[in-house]
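Novice: One structure is given below, represented as structure tokens, and several questions about it will come after.
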2 protein chains.
Amino acid sequence: MPTFNPLVETLAAPPIPSVFAWGRSYDGRSGPMIDLSQAVPGYPAHPDMLALLAECAGSTTYTGYGPIEGETVLREAYAAHVSEICGAAIGAGNIHVTAGCNQAFICAAMAIAGAGDSVLMTNPYYFNQETTLAMLGVKTRFAACDPDNGFLPDVASIADAITPDVRALALVSPNNPTGAIYPADLLGTIFDLCRDRGIWLILDETYRDFLPEGMSCAHDLFGRAGWEETLIGLYSFSKSFCIPGHRLGAITAGSAVVEQVAKIMDNLQICPPRSAQAAVARALPLLADWRAENRREIARRALAMKAAMAELSLWQIGAIGAYFAFVRHPFETASSSQVAEQLAKRAGVLCLPGVYFGAGQERYLRFAFANADAATIGLLPARLSGFDLA
Amino acid sequence: MPTFNPLVETLAAPPIPSVFAWGRSYDGRSGPMIDLSQAVPGYPAHPDMLALLAECAGSTTYTGYGPIEGETVLREAYAAHVSEICGAAIGAGNIHVTAGCNQAFICAAMAIAGAGDSVLMTNPYYFNQETTLAMLGVKTRFAACDPDNGFLPDVASIADAITPDVRALALVSPNNPTGAIYPADLLGTIFDLCRDRGIWLILDETYRDFLPEGMSCAHDLFGRAGWEETLIGLYSFSKSFCIPGHRLGAITAGSAVVEQVAKIMDNLQICPPRSAQAAVARALPLLADWRAENRREIARRALAMKAAMAELSLWQIGAIGAYFAFVRHPFETASSSQVAEQLAKRAGVLCLPGVYFGAGQERYLRFAFANADAATIGLLPARLSGFDLA
């Protein structure tokens, strides 16, 4: 048998399905499974969203190939939205629609780095970004986020890690897995550093719509002069509109970046799936209030999560923010995978081991609290307080 | 400004949009534009297909993330379909659904080759396969197809071109751009060659559903013992169901290949768009008769194309088959781009220059005759007979 690409063959299997397998072997002894594993909204899409998806999918208007960069209506609607929330002047030409934010990341990564180049990430990091780079032969370097500083990235560590082979820094804010929301001044300082050192800043804002109320955009970067020459913004429509199955994300960048990404996307997929784009273009203004209410709901869940963890003296929140909490478990000598597996199988709490997000994260677990309502989150103290490793 | 990945930056812009631009500057002097450019069906999707797409897109069942490898219903339905038409025993575990056949190709390519490896292609080739490999840093080698042999690949040329760095041979049959249908015994011989030389055979059968009637599968390869260790089949639902905008394709391969592709797809897109998968799973048996009639319709268009070209003494069909004709134009010293541009702007005939499909193809144009009905194709002799370069 001919061989496989070793960069792919040596990748670990995708982590989420193996976590689901742990969940399936839970016998229900502690009550219904509390699923805090995958970053999916714990409430359904709005009926109007579903009606728009149905209307557009049933139309011949979207059966043919569409523009590589995405439907003009969505590029315009999303550019207007970003301009409004970020106080910036983003145009449709700054937007490239993708089939989800993972695809936005691989397109951005391929546009700026090839095999042998390096991309700098934080530790912890979003695992699919690391595996994406690995399978492309792009090397990764890491700047550690200090748990004692709420897992915020450290500017000096980043500066030190920008060696000549580094083409970009990849950040996620609000962060996956920690939930940490990077403050505007920190993002501004990091932006300046990247610009001064001549590297790209890839900023994944998948969870932007779940920032605290009144904080519609976490930073002013899209409004800075010359932002197009440093910043590549990534976004997902999956979480905000509760439609990850329809695969829709976007890149916000300079037109020169969009031009490079279009060449990649033409090879990857010709165009993003069309009918969902048309539907979301209409939903974007239409469902603004519903999305604002969801923002408040996720904030309530974050409060419930904090309250739940406060009842547990041995468990500690390392960071919490939009969507995720990165929680320190009490088992000093156990691996995070051991703890997560046993939590799933015996306590009926499904979460992801810290080690999935980086070496040295064995003491942590990622709780995607956005998946569960406040009442369900309130069950955590009972589940966790009596839990011990078998 | 930080730099781009030179492998992407040096790629030419996607060719189809520039051809559309030629079309837009046609003033209508010779009558309505005859669009033979992009490989899209010239008739609409079936109303039942649209109804299924609408029903599934409007359902909450498909809003969440789905299996990376694709919806089980589609994997099962397509496996049953391939098993039936190819007389083979393909299971759902042999199928990986993708967002279109370009994505199937890049997944197959990444699974078996990395930067610095080589993949062998024919010349002419489908341009997106060449640019996909180029942007990944995978080198390409070419085995020429002889125009005097209907552009069929030559086994001896392929054997000579399999140097130690070659990891796979990529074939397209029925071919894009030539339309040539590779005979079963030729494919069998090439399969044996690839197996004996220890390389993968990636066989793109996007146009399989438009083989001549009675020829449901062009070969017996999926029924051969040990096929999984050599063959990776690619397919598109776009052409057959007239839904390219919904982006749906599939890989048929051994489970070991599917496992590698799942790791790639998880990074690329997490899962293919879900609702269209569910819709096509139901349409696959339901629209069998409609698809059979379309096969006959495309055959009628091929006959019309042959008849039209027979009226033109200076123009000559190099190859013709399912969907495409590769036509030799009469202008010895002109480039194929010059001819295609002037045909578009002055004769109102939109087609692709041969050079898009490989060096040395300057005398040829690709006519995607499937886009136009027989009556429209019948207008070609009048348009072409009086045509000369400006």
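The values are calculated or read from the model by the stated rules, or taken from the named source; none is laboratory data. Computed from a prediction, not measured in an experiment: that's the story for all the values here. Methodologically, a virtual Cβ is constructed for each residue, glycine included, from the backbone with ideal geometry; neighbour enumeration extends over all protein chains shown. Surface areas here come from the heavy atoms of the whole protein model, side chains and all, with no ligands, DNA or RNA. Shrake-Rupley method; radii C 1.70, N 1.55, O 1.52, S 1.80 Å.
Novice: List the relative contact order of chain A as a percent without decimals, with contacts defined as Cα pairs under 8 Å and 6+ residues apart.
Specialist: Rounded, it is 25 percent for chain A.
Novice: Could I ask something else about it? Could you give the length gained by full extension between A:Asp154 and A:Asp185, i.e. 0.36 nm per residue of separation minus their alpha carbon distance, to one decimal place?
Specialist: Additional length available on full extension: 9.9 nm.
Novice: Using r as the Cβ-Cβ distance of B:Thr72 and B:Asp27, and R0 as 60 Å, what FRET efficiency do you calculate, to the nearest 0.05?
Specialist: My answer for the efficiency is 0.70.
Novice: Show that you can apply the helix-only estimate: for chain A, add -39,500 (n - 2.57) for every DSSP H stretch of four or more residues, divide by all residues, and state [θ] at 222 nm to the nearest 500.
Specialist: The helix-only estimate for chain A comes to -11500 deg cm²/dmol at 222 nm.
Novice: Between the alpha-carbon centers of the stretch B:185-237 and the stretch B:13-90, tell me the distance in whole angstrom.
Specialist: Between the Cα centre of the stretch B:185-237 and that of the stretch B:13-90, the gap is 22 Å.
Novice: Can I ask one more? Report the net charge of residues surrounding A:Gly245, where surrounding means a beta-carbon distance below 12 angstrom and charges are Lys +1, Arg +1, Asp -1, Glu -1.
Specialist: +1
Novice: Assuming a viscosity of 1.567 mPa s and a temperature of 4 °C, what translational diffusion coefficient in µm² per second does Stokes-Einstein assign to the stretch A:47-286, Rh being the Kirkwood radius over Cα pairs?
Specialist: My calculation gives 72 µm²/s for D.
Novice: Between the label point of A:Gly188 and that of the same position in each other copy, find the distances and list them shortest first in nm, with every label point placed 7 Å from Cα along the Cα-to-C-beta direction.
Specialist: 7.4
Novice: Quick one: if the Förster radius is 45 Å, what FRET efficiency do B:Ala80 and A:Gln38 give, using the C-beta to C-beta distance and rounding to 0.05?
Specialist: 0.90
Novice: Around B:Asp27, under 12 Å between beta carbons, what's the net of Lys plus Arg minus Asp minus Glu among the other residues?
Specialist: +4
Novice: What FRET efficiency do you get for B:Thr60 and A:Ala334 if R0 is 51 Å and r is their Cβ-Cβ distance, rounded to the nearest 0.05?
Specialist: With R0 = 51 Å, the Cβ-Cβ based efficiency is 0.85.
Novice: Continuing with this model, one more query. Sort the protein assembly as shown into rounded, prolate or oblate with this rule: let a ≥ b ≥ c be the square roots of the eigenvalues of the Cα gyration tensor; rounded if a/c is under 1.5, and if a/c is not under 1.5, prolate when a/b is larger than b/c, oblate otherwise.
Specialist: prolate
Novice: Can you list, shortest first and in nm, the gaps between the label point of A:Pro67 and those of its counterparts in the other copies, using a point 7 Å from Cα in the C-beta direction?
Specialist: 3.7
Novice: Listed here are the pairs A:Lys263/B:Lys139; A:Lys263/B:Lys306; A:Lys239/B:Lys139; B:Lys239/B:Lys306; A:Lys263/B:Lys345; which of them are more than 28 Å apart at the Cα?
Specialist: Result: A:Lys263/B:Lys306; A:Lys239/B:Lys139 exceed 28 Å.
Novice: Now a separate question. Checking an interface number: how much accessible area is buried between B and A, summed over both chains, with a 1.4 Å probe, in Å² rounded to 100?
Specialist: Result for this pair: about 5900 Å² buried.
Novice: Calculate what fraction, in whole %, of the accessible area of the stretch B:47-286 sits on carbon and sulfur atoms when a 1.4 Å probe is rolled over the protein chains.
Specialist: Heavy-atom surface of the stretch B:47-286 belonging to carbon and sulfur, 1.4 Å probe: 49 percent.
Novice: Something else about it: I want the local charge near A:Gly93. Using Cβ-Cβ distances under 13 Å, sum +1 for each Lys or Arg and -1 for each Asp or Glu among the other residues.
Specialist: With Lys, Arg at +1 and Asp, Glu at -1, the neighbours total -3.
Novice: Continuing with the same structure: Taking Cα atoms of the stretch B:302-368, Rg/Rh with Kirkwood Rh, to two decimals?
Specialist: Rg/Rh: 0.94.
Novice: Can you list the distances in nanometres, one decimal and ascending, from the A:Leu389 label point to the identical position in each other copy, with the point 7 Å along Cα to Cβ?
Specialist: 7.7
Novice: Between rounded, prolate and oblate, where does the stretch B:212-275 land on the alpha carbon gyration tensor, with a ≥ b ≥ c its root eigenvalues, rounded for a/c under 1.5, else prolate if a/b exceeds b/c?
Specialist: oblate
Novice: Something else: Using Cα pairs closer than 8 Å and at least 6 residues apart in sequence, work out the relative contact order for the stretch A:176-253, in percent.
Specialist: 30 percent
Novice: When only DSSP loop residues count, what GluC sites (Glu not before Pro) in the stretch A:299-390 have their Cβ near at most 14 other Cβ atoms within 10 Å?
Specialist: Taking the stretch A:299-390 and a limit of 14 other Cβ atoms within 10 Å, the loop GluC sites (Glu not before Pro) found are A:Glu311, A:Glu332.
Novice: Below 8 Å between Cα atoms, with a sequence gap of 6+, how large is the relative contact order for the stretch A:192-348 in percent?
Specialist: Averaging sequence separation for qualifying contacts and normalising by length gives 19 percent for the stretch A:192-348.
Novice: Two decimals is fine: what is log10 I(q)/I(0) at q = 0.14, 0.16 Å⁻¹ for the stretch B:123-260, from a Debye sum with one equal scatterer on every Cα and no solvent?
Specialist: Those come out to -0.67, -0.89, one per q.
Novice: Report for chain A the percent antiparallel among DSSP-assigned beta bridges with both residues inside it, nearest 5.
Specialist: If I count the DSSP bridges inside chain A, around 50 percent turn out antiparallel.
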